[in-house]
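The values are calculated or read from the model by the stated rules, or taken from the named source; none is laboratory data. Because the structure is a prediction, the values reported are computed rather than measured. Ideal geometry is used to build each Cβ from the backbone, glycine not excepted, and the neighbour counts take in all protein chains shown.
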Amino acid sequence: RFKLNIADGVVRGGSLGINAEPSVAQEGVLLVTGHTSLIQGDEWLDFFDKYLGGAGSETPALPEEPIASPADVAPQGSLATGSDGHQADPAFVPFALVIDGLRAETLVILQQELRDVVLSLRQERAGLSLSLTSDWLHGALSVARDGGPSRLEIEHLDLDRLPDFKLPGAGSESAQDLPVVDVALRNLFKTGQRLGELSFVLHGQGG
């Protein structure tokens with residue numbers, strides 16, 4: 001179910017409830033909540049890049065503090081302004097996308113299938129942040145808008161339950177370029193025992 005905030009013929013915000021009642025539509029925000037059997041994450045990312053501007057666009061800034069609930073999303077007071085100082089086309093308002101605790105039985109992302117996850121995503125002034133919770137992983141990824149290093153913070157990782165991942169094109173010259181990612185892994189578990197923690201910088205080179 002979808003609620004839209006429309007004024008003067010312009011869509012100014014929306015709230016999408018998946019198998020749930022949508023929250024109040026806030027101006028400048030597209031809010032997604034609820035639960036579903038399947039999320040095609042790759043298709044959502046394509047939709048986000050095409051219609052909401054992706055990580056490189058100027059979008060309405062959300063508060064710096066984390067969103068505790070959908071009601072805490074701050075309304076936006078005006079239409080977006082371009083880098084030249086002129087007001088953007090009133091027929092289109094770039095939305096800040098907020099996915100707040102969306103539960104999925106299956107999440108398909110980077111052509112991988114993850115089971116029984118809780119997904120949250122939000123735009124921030126500096127970039128995008130994504131958090132994922134399952135029975136084997138509690139982690140958050142922050143992607144910088146300015147091309148700087150991204151940060152992956154993993155609070156819990158159980159190696160015994162880790163799915164068998166294979167990135168598209170891995171091991172070949174056509175392998176995708178990896179961004180620079182600062183990784184912090186705080187609690188690494190195997191056979192029920194905590195192995196410790198580690199940090200490293202991840203990047204791609206060649207294939």
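General observations
- In the stretch 24-45, residue nearest to LEU102 (Cα to Cα) [restricted to those that are in contact (Cβ under 8 Å) with a residue 40 or more places away in the chain and more than 19 Å from the chain's Cα centre (by Cα)]: VAL24
- Residues located in the stretch 1-48, provided they are of a type in the set (Lys, Arg) and over 10 Å from PHE95 (Cβ atoms): ARG1, LYS3
- Residues (more than 27 Å from the chain's Cα centre (by Cα) and modelled with pLDDT of 60 or more) located in the stretch 166-195: LYS190, THR191, GLY192, GLN193, ARG194, LEU195
- Single unsatisfied condition, GLY14 versus (1) within 21 Å of LEU107 (Cα to Cα); (2) in a strand (DSSP E or B): (1)
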